[in-house]
Amino acid sequence: MGRSIEMPFWRAITVYRVASLAYAALVLAGAGGYQRPVIGWLVIGVMALWTAATAFAYSVARSRTLLVIDMLVTLGCLLASPYVQGADAGPAGVMPVPATWIGGPVLAWAVYGGRRAGVLAAVLLSVADLWLRGARGFDLSVPLNGAVLLILAGAVVGHVARLTEQAEERLQRAVELEAAGRERQRLARGIHDSVLQVLALVQRRGLEIGGEAAELGRLAGEQEAALREMVRGEPVVPGYEGAGLVDVGALLRRHGSTAVTVSTPATPVLLPAGRAREVAAAVGAALDNVRRHCGEDTRAWVLAEEGPGSVTVTIRDDGPGIPAGRLAEAEAEGRLGVAQSIRGRVAGLGGTACFISVPGQGTEVELTVPTAG
């Protein structure tokens, strides 16, 4: 849990410990059924020292070792209660010295480890408390209200702590995304005022001059379109990198140009980083084949879709199509562009690559990849 949102929880636990300690001291001062109050004050002293120690320790660092020691100290104070109360005090309903103070480690475990950790700590302390109240044995007539409340406190506080952590993470991602968006807009303005205008001028003048300059102008136009697509694209959403996820749509949009139209969902299409890069590389290989075999004027369209448990990318062109049996012949001749760069990549991810081609009507390649290995 982030330190900024975590500290109020630990401060609240310290306040609870201090209040519980004061209550235990007041009860002991009233000598309500305690046969050995002097030992009781020694237990109160241990509780006070440990309250001060945890107030400092939890403000500096939290660890599982510290939480285990916290639990052991609390159990020790609880198990010392029979020597303060006397042999028959438990069945008589006399409250153990650290009766409410034992909630401290339960709350600490809940904040540190969530619902399950809080409930487990509450169950352990509740079992010890019920064992003592039943004169070191389990008596079903002993009221279970305190144990139930302790378990509910561990569950609720752990749940709230995790919800708060998730809310802080979402807020942090939103702040980072807003900052990335502002920076992207600043860079986009600079690019628009310089690089894009120069590329547009080169394209226009190249077409006017003709000849080899026209080819230069055409290339400048493609780079201008690709750069505009990159500038228009959404910034990468922070937070996914830590989980090893990448928006495959952002990788595919880099292939956009005057000859290639890329369409992706409005929301990120998330894949593990390695799988996303392999999918983008397979799409790039398919587009290279279009340029190499169909000519520079051939149009291509890339469509990415996300389904349940899989991502499908379709590459379609308006070229002359692939003659029947040509892919098998190319593979037999050792030309493995399609077999390795496209089919091999997708098969390695556990997916499928389907080629549909009609002579004179273009080719369609459909790549389907599962979202998990």
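Residue-wise HN-Hα couplings along segment 116-121, as the Karplus relation 6.51 cos²θ - 1.76 cosθ + 1.60 with θ = phi - 60° gives them from phi, are 4, 5, x, 5, 4, 5 Hz; Gly and Pro carry x.
Taking all C-alpha pairs of segment 14-85, those more than 21 Å from each other amount to 28 percent.
Values quoted throughout were computed directly from the atomic coordinates according to the rules given, and no laboratory measurement underlies them. Since the model is a prediction, treat every value here as computed from it, not as a measurement.
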